[in-house]
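Have a look at the structure below before the remarks.
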Amino acid sequence: MEFVSVTYGLFLLSVLGIYWSLSQQWLRLWTLLIASLVFYASLQVQYVPLLFVVIFINYRLGLAIGENTSMGEYSLDPQISNAQWQFQYADWNRARLKLLWLGISLNVLLLVAFKYLPVIWGSIFPQPATAAHSIVGPLGISFFTFECIAYLIDVYRGAPATEQFLRFATYKFFFAKLISGPITRYHSFTAQLQASRLLTPDTVAEALWLIARGALKKRILADHLGIFVDICFGNLQRAGSTDLWLGIFAYGLQLYLDFSGYVDIARGSALLFGLVLPENFRSPYFSTSIADFWRRWHITLGDWLRNYLYFPLGGSRRGLTRTCINLLIVMAIAGIWHGTALGYLIWGIYHGLALAVHRLTDDYTQRFPALKSFWHNPLGVAVAWLITQIMVFTSWIFFRLPNLQDSSVVIQHLWGYTADIQFSQKVYIEALSLSQHQISMMLLALASLMTLLYTFNRTLKLQMNWPFKLLLVPVCFYAIWLLAPEGSLPYIYFDF
């Protein structure tokens with residue numbers, strides 16, 4: 001069941017009708033859970049039992065970690081000394097820590113088993129191409145395990161463990177966020193379930209606008225860009241330097257529009273149930289530093305990395321050198337999380353180095369008022385933006401082509417390489433019916449449109465009222481029906 005489809009629209013309307021016709025919360029939870037199982041089963045029914053088992057294990061581990069055994073027989077005994085109580089308390093914390101590490105290990109092993117072991121095994125014992133791809137991991141397994149780990153750590157840190165398996169299973173399986181996030185914490189999600197807010201015209205309009213906007217981003221913009229990107233990077237040896245730069249720029253836009261379009265639909269769908277999922281993008285391509293980029297790009301992943309990896313490693317509390325090392329470690333892990341190919345690791349290290357350089361530069365800048373003033377004037381901001389975007393877009397080479405043989409070809413051909421004489425004929429004229437110049441102008445027009453919208457929303461603080469949003473919803477869907485290419489491309493982040 002695709003997000004941008006009539007089937008999903010009918011599914012969502014049916015679930016909404018049942019959900020809001022019920023007044024008891026436990027019935028609503030069952031409605032969401034059953035609907036989510038139907039949604040996931042339409043994609044990969046074979047993994048539903050496995051995910052249920054994993055959810056139950058994490059639920060039981062959460063209860064065990066959250067159990068306050070220090071309130072047992074020792075704390076109730078008036079004869080117990082303070083030293084004995086302190087010993088019992090320390091023993092309780094050691095037991096909780098062991099349970100936490102058990103839970104983290106099990107979740108990581110699940111992720112490794114499906115995402116990395118088949119590739120590692122295939123590299124050691126080469127198999128036919130058909131067999132190499134025979135094992136397909138559960139969709140959304142990365143986001144699924146990240147949420148489980150976050151829940152266990154939150155409980156260890158003092159958040160209450162849920163005693164209701166139905167509520168926890170509903171949170172984990174919720175169809176809007178299950179496949180590609182946004183990564184959502186249990187306690188914020190369940191608090192909204194308990195609040196059970198009534199829908200208002202403004203909320204409904206915002207939800208429908210998010211769904212329509214996300215569908216338009218995906219089906220018209222991202223999918224059209226994806227056609228050009230696939231053709232361009234599918235002919236690396238024949239593409240010229242200009243073609244490759246256009247492909248890199250197009251892929252950066254495609255990735256953003258594809259993923260943010262998915263999240264828009266997910267957030268809009270959840271909002272119709274009175275649930276607010278976290279924002280995942282805030283105009284990342286207008287960032288003026290790599291640190292700012294990671295505050296705007298895949299925000300929930302950035303928060304997860306910061307709260308559950310960077311801070312436990314020491315964060316920035318142990319000096320500048322250790323801070324830079326921590327940034328490198330965290331981003332290398334982020335790269336490995338995306339896939340087993342070396343290109344993903346290089347992408348992560350590249351971002352880690354950029355974050356470390358930014359931290360060093362920021363520390364150096366603070367010592368010189370003139371330099372600090374430069375980075376805050378318009379010219380300095382423009383330079384900072386340009387440097388940031390060059391770094392981000394060149395890093396997408398390794399993300400789109402994680403095989404180092406392919407990505408090295410692109411890097412070698414970025415300057416002064418002339419395209420094969422048949423490339424323009426095959427790609428631009430026959431496949432796209434557009435010239436290289438026209439592709440360039442379309443990409444520039446899309447970037448200009450994004451700049452205009454960013455100016456309206458962020459600088460001028462202009463916001464649309466709900467009647468206008470409702471008016472735009474059918475316009476978006478009509479545009480999709482009219483302009484979307486045949487056959488929807490799969491969501492890019494479904495692979496992660």
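When both residues are 6+ apart or on different chains and their Cβ atoms are under 7 Å apart, which pairs have a first residue that lies in segment 24-40 and is surrounded by 17 or more Cβ atoms within 10 Å (Cβ to Cβ), and a second that is outside any helix (DSSP H, G or I)?
Between residues of segment 24-40 that are surrounded by 17 or more Cβ atoms within 10 Å (Cβ to Cβ) and residues that are outside any helix (DSSP H, G or I), the close pairs are Arg28/Leu22; Thr31/Leu22; Leu32/Phe174; Ser36/Phe174; Phe39/Met1.
Let me spell it out: the conditions are (1) among the acidic types (Asp, Glu); (2) under 27 Å from the mean Cα position of the chain (by Cα); (3) surrounded by 10 or more Cβ atoms within 10 Å (Cβ to Cβ); (4) not in a helix (DSSP H, G or I), and Asp420 meets all of them except one. Which number is the exception?
Exception for Asp420: condition (2).
So which of Ile390, Ile411, Ile439, Ile397 ends up being closer than 22 Å to Ile248 by Cβ, free of Cβ contacts under 8 Å to residues at least 12 places away in the same chain and in a helix (DSSP H, G or I)?
Just a single option satisfies the conditions, and that option is Ile390.
Kindly check whether there is at least one residue in segment 46-67 that is outside any helix (DSSP H, G or I) and either modelled with pLDDT under 90 or buried (at least 16 other Cβ atoms within 10 Å of the Cβ) (or both).
yes
Given the residues Gln389, Gln366, which is the only one that is polar (S, T, N, Q) and either buried (at least 16 other Cβ atoms within 10 Å of the Cβ) or at pLDDT 95 or above (or both)?
Gln389
Go over the candidates Ile141, Ile149 one by one and state the one that is closer than 26 Å to Leu117 by Cα, surrounded by fewer than 23 Cβ atoms within 10 Å (Cβ to Cβ) and at pLDDT below 90.
Ile141
In this structure, does Leu444 turn out to be part of a helix (DSSP H, G or I), out of contact with any Phe, Trp or Tyr (no Cβ under 9 Å at 6 or more places or on another chain) and farther than 23 Å from Lys217 by Cβ?
no
Which one is surrounded by the most Cβ atoms within 10 Å (Cβ to Cβ), of the residues in segment 290-313 that are more than 14 Å from Ala334 (Cβ to Cβ) and free of Cβ contacts under 8 Å to residues at least 12 places away in the same chain?
So the residue we want is Phe311.
State all residues of segment 282-303 that are at negative phi, not aromatic (Phe, Trp, Tyr) and not in a helix (DSSP H, G or I); if no residue qualifies, say none.
Arg282, Ser287, Thr288, Ser289
Residue under question is Leu483, and the condition is that it be at pLDDT 85 or above and on the phi < 0 side of the Ramachandran plot; does it hold?
Considered against the rule, which asks whether it is at pLDDT 85 or above and on the phi < 0 side of the Ramachandran plot, Leu483 comes out as yes.
Could you please let me know if Ile211 is at pLDDT 95 or above, crowded, with 21+ Cβ neighbours inside 10 Å and either of a type in the set (Val, Ile, Thr) or touching a Gly at 6+ places or on another chain (Cβ under 6 Å) (or both)?
yes
If Gly240 meets every condition in (1) over 30 Å from Thr418 (Cβ atoms); (2) assigned by TED's automatic domain parsing to the domain that holds Met442; (3) of a type outside the set (Ser, Thr, Tyr) apart from one, which number is that one?
Going through the list (1) over 30 Å from Thr418 (Cβ atoms); (2) assigned by TED's automatic domain parsing to the domain that holds Met442; (3) of a type outside the set (Ser, Thr, Tyr), Gly240 breaks only (1).
For the list (1) part of a loop (DSSP other than H, G, I, E, B); (2) farther than 21 Å from Phe168 by Cα, I need the number of the one condition that Ser14 fails.
Against the list (1) part of a loop (DSSP other than H, G, I, E, B); (2) farther than 21 Å from Phe168 by Cα, Ser14 comes up short only on (1).
Would you be able to tell me the number of residues in segment 245-281 that are under 13 Å from the mean Cα position of the chain (by Cα) and not in a helix (DSSP H, G or I)?
5
Given (1) surrounded by fewer than 12 Cβ atoms within 10 Å (Cβ to Cβ); (2) not in a helix (DSSP H, G or I), where does Val475 come up short, assuming only one miss?
All conditions pass for Val475, except number (2).
List the pairs whose first member sits in segment 359-380 and is under 23 Å from Thr321 (Cα atoms), whose second member is among the β-branched types (Val, Ile, Thr), and whose Cβ atoms are under 7 Å apart, counting only residues at least 6 apart or on separate chains?
That search, which allows pairs on different chains as well, returns Arg359/Thr323; Leu371/Thr365; Lys372/Thr365.
Does Ala191 meet the test of being assigned to a helix (DSSP H, G or I) and surrounded by 21 or more Cβ atoms within 10 Å (Cβ to Cβ)?
Criteria not met by Ala191.
Run Ser287 past the list (1) more than 30 Å from Ile429 (Cβ to Cβ); (2) buried (at least 23 other Cβ atoms within 10 Å of the Cβ); (3) of a type in the set (Ser, Thr, Tyr) and report the number of the one that doesn't hold.
If we test Ser287 against (1) more than 30 Å from Ile429 (Cβ to Cβ); (2) buried (at least 23 other Cβ atoms within 10 Å of the Cβ); (3) of a type in the set (Ser, Thr, Tyr), just (2) comes out false.
Out of (1) outside the structural domain of Asn93 (by TED's automatic domain parsing); (2) surrounded by fewer than 16 Cβ atoms within 10 Å (Cβ to Cβ); (3) touching a residue at least 12 places away in the same chain (Cβ under 8 Å), the odd one out for Leu166 is which?
(1)
Taking Ser395, is it closer than 13 Å to Ser241 by Cα and either touching a helix residue (DSSP H, G or I) at 6+ places or on another chain (Cβ under 8 Å) or hydroxyl-bearing (Ser, Thr, Tyr) (or both)?
In short, no.
Since Thr340 meets every condition but one in (1) under 20 Å from Arg295 (Cα atoms); (2) of a type in the set (S, T, N, Q); (3) not in a helix (DSSP H, G or I), which condition does it not meet?
(1)
The values are calculated or read from the model by the stated rules, or taken from the named source; none is laboratory data. Model, not experiment: these values are computed from the prediction. Neighbour counts run over all protein chains shown; Cβ positions are idealised from the backbone, glycine included.
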